[in-house]
């Protein structure tokens, strides 16, 4: 099995996808909790800004984690390849 190296394009796609997903989730949670407590749909501008900040942070950390795991997998696959060549 060959492991593909993470390109900057894939990194950016993961970042955008996860940021968007967390933004949608954050807005939905804010609307639902506001509805539960006030019985009306309310979303403030400050709330949206907070959700954007948290979503960007979450997207960046998840993308960084994916990059780190990809680097670890690449190094482990190289070690296995060199061990199998030495064993022949």
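Each value in this text was obtained by applying a stated rule to the coordinates, not by laboratory testing. This one's a predicted model, so the numbers in the text were calculated from it and none came from an experiment. Cβ sites come from the backbone with ideal geometry, for glycine too, and all protein chains shown count toward neighbours.
So how tilted is helix 8-38 from the main axis of the chain? Cα-based, degrees 0 to 90, rounded to 10. The angle comes out at about 30 degrees.
By the beta-carbon count within 10 Å of each Cβ, the least crowded to most crowded order of 29, 48, fewest first, is 29, 48.
Label sites at residue 41 and residue 80, each approximated as a point 7 angstrom past Cα along Cα to Cβ, lie 5.0 nm apart. Against the chain, whose longest principal axis is taken from its Cα atoms, helix 45-87 shows a tilt of about 10°.
Would you calculate the volume per residue, in Å³, of the smallest convex hull containing every Cα atom of segment 7-55? Walk me through the numbers on the way to the answer.
Working: hull volume 2.8 nm³, N = 49.
Output value, Cα hull per residue: 56 Å³.
Remark: spin-label model distance residue 34-residue 13 equals 3.4 nm, labels positioned 7 Å along the Cα→Cβ axis. Separation of segment 46-88 from segment 8-36 is 19 Å, based on Cα centroids. If the chain linking residue 25 and residue 57 were pulled fully straight, counting 0.36 nm for each residue of separation and taking away their Cα-Cα distance, it would gain 10.1 nm. Given the choices (1) -0.99, -1.03, -1.13; (2) -0.72, -0.77, -1.15; (3) -0.65, -0.72, -1.42, log10 I(q)/I(0) by the Debye sum over Cα atoms at q = 0.16, 0.17, 0.26 Å⁻¹ derived from the coordinates of this structure is entry (2).
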